[in-house]
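Notes to accompany the following structure.
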């Protein structure tokens, strides 16, 4: 035997019709997909339980199974019409799991100042929304007569091993279990219409370039389904002075040769907040990196620093007197 149906239902081989039915009701309720959403293991067990009951509850199939190991004595145990009745509640639950509309992606350009301080933004975009006149159904609907509203049908194929039966989405209603008999005049049967949508929101401080903000149920709607999500992709606009590296802010500081050689106690530089003063010690080399604590970006209770890369400011135009002074230096 390919499967032990008695073991699946937890009954002995001498179990009568009442015992088999009682075991089936208990196990099918325990593993029903509606009570175990997104649980593949329970879903498979439920199908096995339904399969076992379809065989053991039918006297002829049970007799064939006990003798030959299959319900019809030679092919698989799914042969027979009553399997559709047993699995109707299962496939109905699958059909009722609504499809989801497509997500919408939008790029949002932010300056470094907006990223540093956080900002309030309002975007306008186009999306499919549920049609109001028909409530998103697409028009007047009836239950599909091909699948009896289940959305699934049995399909039998001849193979070298005999007839094989499988369950597929109903080709008449595309698995929805319903048919439109009169299309809505507004959406022409689509169930959705395209409209302009506005959305106002605050961007968090310190958000990263390339980071995506997900707004649930603000994407495209779909007929008889759920709305997708809105995905807002952050694009950082390059700054003329500052460069972001993680939570730190880098900038180049051009100093005079005199400041590098002699030092300076009051060098002034810009930060994202305000100007600050810092000290340059004598003999500082070009390329030195100085760190100013807590002057970077703030994110999740962490604060970056500002890093100052020291460069020398070389004048392009000097007069003869200045040239002579430079020549007289012993360096």
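Couple of notes before you dig in:
- Test: residue in the range 195-202 that is at pLDDT below 95, crowded, with 18+ Cβ neighbours inside 10 Å and part of a strand (DSSP E or B): no
- Qualifying positions in the range 298-322 - loosely packed, with under 10 Cβ neighbours inside 10 Å and either part of a loop (DSSP other than H, G, I, E, B) or in contact with a helix residue (DSSP H, G or I) (Cβ under 8 Å, 6 or more places away or on another chain) (or both): 300, 301, 314, 315, 316, 317, 319
- Residues (surrounded by fewer than 17 Cβ atoms within 10 Å (Cβ to Cβ) and within 15 Å of residue 225 (Cβ to Cβ)) located in the range 170-192: 174, 189
- Test for residue 78: is it at pLDDT below 90, in contact with a strand residue (DSSP E or B) (Cβ under 8 Å, 6 or more places away or on another chain) and either crowded, with 18+ Cβ neighbours inside 10 Å or in a strand (DSSP E or B) (or both): yes
- The listed residue being in contact with a strand residue (DSSP E or B) (Cβ under 9 Å, 6 or more places away or on another chain), outside any strand (DSSP E or B) and more than 18 Å from residue 113 (Cα to Cα), out of 285, 295, 279: 285
- Failed condition for residue 325, given (1) without any contact (Cβ under 8 Å) to a residue 12 or more places away in the chain; (2) touching a strand residue (DSSP E or B) at 6+ places or on another chain (Cβ under 7 Å); (3) not in a loop (DSSP other than H, G, I, E, B): (2)
- Contact annotation: residue pairs with Cβ atoms under 8 Å, 6 or more positions apart or on different chains, pairing a residue in the range 173-185 that is without any contact (Cβ under 8 Å) to a residue 40 or more places away in the chain with a partner that is surrounded by fewer than 18 Cβ atoms within 10 Å (Cβ to Cβ) and part of a loop (DSSP other than H, G, I, E, B), are 173/146; 179/172.
- Here residue 272 fulfils each of the conditions (1) surrounded by 15 or more Cβ atoms within 10 Å (Cβ to Cβ); (2) without any contact (Cβ under 8 Å) to a residue 24 or more places away in the chain; (3) under 27 Å from residue 208 (Cα atoms) apart from (2).
- Unmet criterion (only one of (1) loosely packed, with under 13 Cβ neighbours inside 10 Å; (2) out of contact with any helix residue (DSSP H, G or I) (no Cβ under 8 Å at 6 or more places or on another chain); (3) within 24 Å of residue 274 (Cβ to Cβ); (4) in contact (Cβ under 8 Å) with a residue 40 or more places away in the chain) for residue 240: (4)
- Residues of the range 44-73 satisfying the condition of being surrounded by 16 or more Cβ atoms within 10 Å (Cβ to Cβ), free of Cβ contacts under 8 Å to residues at least 40 places away in the same chain and assigned to a helix (DSSP H, G or I): 45, 54, 61, 62, 64
- Condition check for residue 207: touching a strand residue (DSSP E or B) at 6+ places or on another chain (Cβ under 6 Å), at pLDDT 95 or above and crowded, with 19+ Cβ neighbours inside 10 Å: no
- Hey, residue 182 part of a strand (DSSP E or B) and modelled with pLDDT under 95 or not: yes
- Set 123, 150: member being surrounded by 12 or more Cβ atoms within 10 Å (Cβ to Cβ), outside any loop (DSSP other than H, G, I, E, B) and on the phi < 0 side of the Ramachandran plot: 123
The values are calculated or read from the model by the stated rules, or taken from the named source; none is laboratory data. Quantities reported herein were computed from a predicted structural model and do not represent experimental measurements. Cβ coordinates were reconstructed from backbone atoms using ideal geometry, including for glycine residues, and neighbour counts include every protein chain displayed.
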